[in-house]
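Worksheet for the structure shown next.
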Amino acid sequence: MLAALFVRPAVAAEDAAVKHARALLRSAILIDGHNDLPMAIRRNSAAPFDVIAYDLRQPTKGNTDFARLRAGGIGAQFWSVYIPGEGSGPYARQQLEQIDIARRIIDRYPDQLMFAGSVADVRAAKRAGKIASMLGMEGGYGLENSIGALRTYYALGVRYMALTHNSHLDWADAAAPLQPRNNGLTPFGKEVVREMNRLGMLVDLSHAAPSTMADALRIAEAPVIFSHSSAKALCGVPRNVPDDILRELPRNGGVVMVTFVSSFINCDLDKVLQPALAEIGLRARAAATPAEAERIRSEGYAALKLPPTTIAMVADHIEHIRKVAGVDHVGLGGDYDGNEWWPEGLEDVTGYPKLFAELIRRGWSDRDLKKLAGENLLRAWGQAESVAQRLQKERTPSIMQFSKPAE
């Protein structure tokens, strides 16, 4: 009986924090910066590319469906129209197909989703009780070195573009490769950033090399974002954001949207995971058939014994960014349906109230929690819209052509 008396207040306090978080998220606009659902549908082995077969009104095999989006309190979602950047292309066809999948998802569920091409649209969707839906490109590979293609993607609904994914472009360096190609942005890469500012397309620096981040911050006239990145000081994987870049954000007005991917949050896990993935990949590549390769991967992933990643660790990344860059420069970008390993309690899109409850217990005010949820991103996006209105009066669309740097 005495043990029960000691346990109950802690449980009640946790319940109160979660209840507080759910109430706050009903009034706030929770914006997630990155969800790979379109690629999950493209790669769905049962029915590739089939938006109808991947029914979001029913429980899905991935991290995302409508019941879980609503349980998580999500009010706005950037759907990633990711394509791989490896190889020599062509990329534009894949990019257009991914945009098509995302637009078909939005069109299929008009009672649940509403396309949002502006900050005003996001707020209108909230008033209508729908999930605002925006498109974000993950890497500039689909441009195929064409600024005209950039403008076309904006016209098709893309509202941010990550300059890179895990491979260098001809004009921008990514974080993952060990050897740089351009040492940041080339003159053409800088022109891409300028034209994105003129359009009102947010410049996303997730996955970019620090040199690319620094170049973009020097020339950007509008706030940048990191759609799904965490703090390099706490987990030193290459694609997290270093403190010197975080310190530059207040001048620019940008926002780092913290990702939940366990290997970007917990470097103890990453030390175990990376060699294990390399070994599983080696065995899968030696398989006789694609089905056998998939079986090897599935069984290998299931057998992995990884150190736990907790919601508290995610909250530590959020608080580190708040400490270095300020509370006006942090947001959330889960990266759901783009990863296999999640913190305990954040295994799918239902977990946001638990994360907000953790921050409530740490003393965060409702005002600051609403900034984290989405107001910081909306403020940055609104500034980008204002900059675009000014720039469109000052200069015409860029006609710069890509030219390969001299060897």
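Where a number appears in this text, it was derived from the coordinates with a stated rule and is not lab data. Just so it is clear, the structure is predicted and the values come from calculations on it, not from any experiment. When we count neighbours, we look across all protein chains shown, and the Cβ atoms used for this are built from the backbone with ideal geometry, even at glycine.
Assorted remarks:
- Whole-angstrom gap from the range 258-298 to the range 361-395, using each part's C-alpha centre: 36
- With neighbour counts taken as other beta-carbon atoms within 10 Å, the residues Asp368, Asp173, Asp270 rank, fewest first, as Asp368, Asp270, Asp173.
- The fewest-to-most ranking of Cys235, Cys267 by surrounding Cβ atoms within 10 Å reads Cys267, Cys235.
- Gain upon complete extension [Asp366, Ala176; 0.36 nm per residue less C-alpha separation]: 64.7 nm
- Applying the criteria of a DSSP loop state and at most 15 other Cβ atoms within 10 Å to the trypsin sites (Lys or Arg not before Pro) of the range 314-407 yields Arg362, Arg395.
- For the chain: relative contact order, % (alpha-carbon pairs under 8 angstrom, 6 or more apart): 20
- GNM flexibility winner over the chain from Thr289, Thr396, Thr350 (Cα, springs under 10 Å): Thr289
- Here Cα Rg over 2.2 N^0.38 Å was calculated from the structure, and among (1) 0.97; (2) 1.02; (3) 1.16 it sits at label (1).
- Cβ-Cβ distance of Ala124 and Glu279, R₀ of 45 Å, FRET efficiency by 1/(1 + (r/R0)^6): the value works out to about 0.35.
- Residue-averaged [θ]222 nm for the chain, counting only DSSP H segments that reach four residues, each worth -39500 (n - 2.57): -15000 deg cm²/dmol
- Glu299/Lys19 FRET efficiency (R0 30 Å; Cβ-Cβ; nearest 0.05): 0.15
- Sequence of His20, His168, His329 once ranked by neighbouring C-beta atoms within 10 Å, starting from the fewest: His20, His168, His329
- For Lys232, the aspartates and glutamates whose Cα falls under 16 Å of its own Cα, not counting residues fewer than eight places away in the same chain, are Asp243, Asp244, Glu248, Asp268, Asp270, Asp316, Glu319.
- Within the listed set Leu156, Leu332, Leu346, the residue fluctuating most in the Gaussian network model of the chain (springs between alpha-carbon atoms under 10 angstrom) is Leu156.
- Theoretical gain in end-to-end length, Asp50 to Ser88 [0.36 nm per residue, Cα-Cα removed]: 11.0 nm
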